[in-house]
1. 7 Å from Cα along Cα→Cβ at both residue 53 and residue 36: what's the point-to-point distance in nm?
2. Order these by the 10 Å Cβ neighbour count, fewest first: 196, 86, 43.
3. How do 144, 153 line up, fewest other C-beta atoms within 10 Å first?
4. Mind giving me the FRET efficiency for residue 80 and residue 219? R0 is 51 Å, r the Cβ-Cβ distance, nearest 0.05 is fine.
5. Return the ratio Rg/(2.2 N^0.38 Å) for the stretch 32-316, where Rg is computed over Cα atoms only.
6. Based on other C-beta atoms within 10 Å, arrange 220, 45 from fewest to most.
7. Hey, quick one: spin label on residue 296, modelled 7 Å out along Cα-Cβ, who in the stretch 46-73 has an amide N within reach, i.e. under 14 Å?
8. Using the per-residue mean of other Cβ atoms lying within 10 Å as a proxy for protection, in what order, highest first, do the peptides 263-270, 103-110 fall?
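Just so you know, all these numbers are worked out from the coordinates, no wet-lab data involved. Here the structure is a predicted model, which is why all the values come from computation and not from measurement. Please note: Cβ atoms are built from the backbone with ideal geometry, for glycine as well, and neighbour counts cover all protein chains shown.
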């Protein structure tokens, strides 16, 4: 068999597999099926939900109490010498959690409760930054790409002004001006600074969509510019918006951690994963468990969000297809040949009966 015939056969097998899998499904169902089959993304979703539920239910949220016996401000005598963790995975007594599984600091505060509070703060900052950044980026990108002309030039120069200014330095200056801002204030400030990449992506999508036939049909039907933007064009950019917003969550966690570590972000008495690392950096050699746990959850949150973003990107992008195995392609080819043989034999049988 020639190389060209092999390529044709592989193409037929791959297309047969894909067409059979998505037959009769809507676009949303196809995207959901692709995302569910992304093992790393689904594992990250499970881990992310488990971490969020653990952080919220353990020490409570606002007026809702939690099931953990300590809060993040309560002090107590050290259960073990030096505040070592009571968590034991193996040993003479087997698995044991104890009263202070993550250890205690020099004041006797429970490190588990403080880490859970830090995770809550990081989650709040993540979603507020993503919401504010998405709102600003979508609005500027949509208006710029739809109207073009002088308004496009003005908005893009305004966007480039935010791009050339480092977000970390600007966030540090704002943190210094506000003086240890609350998590919500810091999140809004970071969201105002972190929208530029989404605005440029949305603008590129709108520049392409504004020349499509459905946009011209909406204009002929008398639709206003705002209706065309938000009703007809914006839903067609939802894939780019969702993927970019998801990846923005990871950068928000790392940015808040960096600012809090440098002393320009969330400060005491509020607790975040970044200021826990900053507070306990001097104890890295003597009591490393105070440093390990917040660092571990920072890495875990960032990795989970990145894997979820990768899964969404592969699910929304039709070009991101999983290459089937040779066995799967041969199986699909045999089924296609059987169907073709059945379709050719049935008319011949019917003609004999007549």
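1. It works out to 1.9 nm between the two label points.
2. 43, 86, 196
3. Listing 144, 153 from fewest to most nearby Cβ atoms yields 153, 144.
4. Efficiency, from the Cβ-Cβ distance: 0.10.
5. 1.20
6. Starting with the residue having the fewest Cβ neighbours, the order is 220, 45.
7. Residues 51 qualify, since their backbone N sits under 14 Å from the label point.
8. Result, highest mean Cβ count within 10 Å first: 103-110, 263-270.
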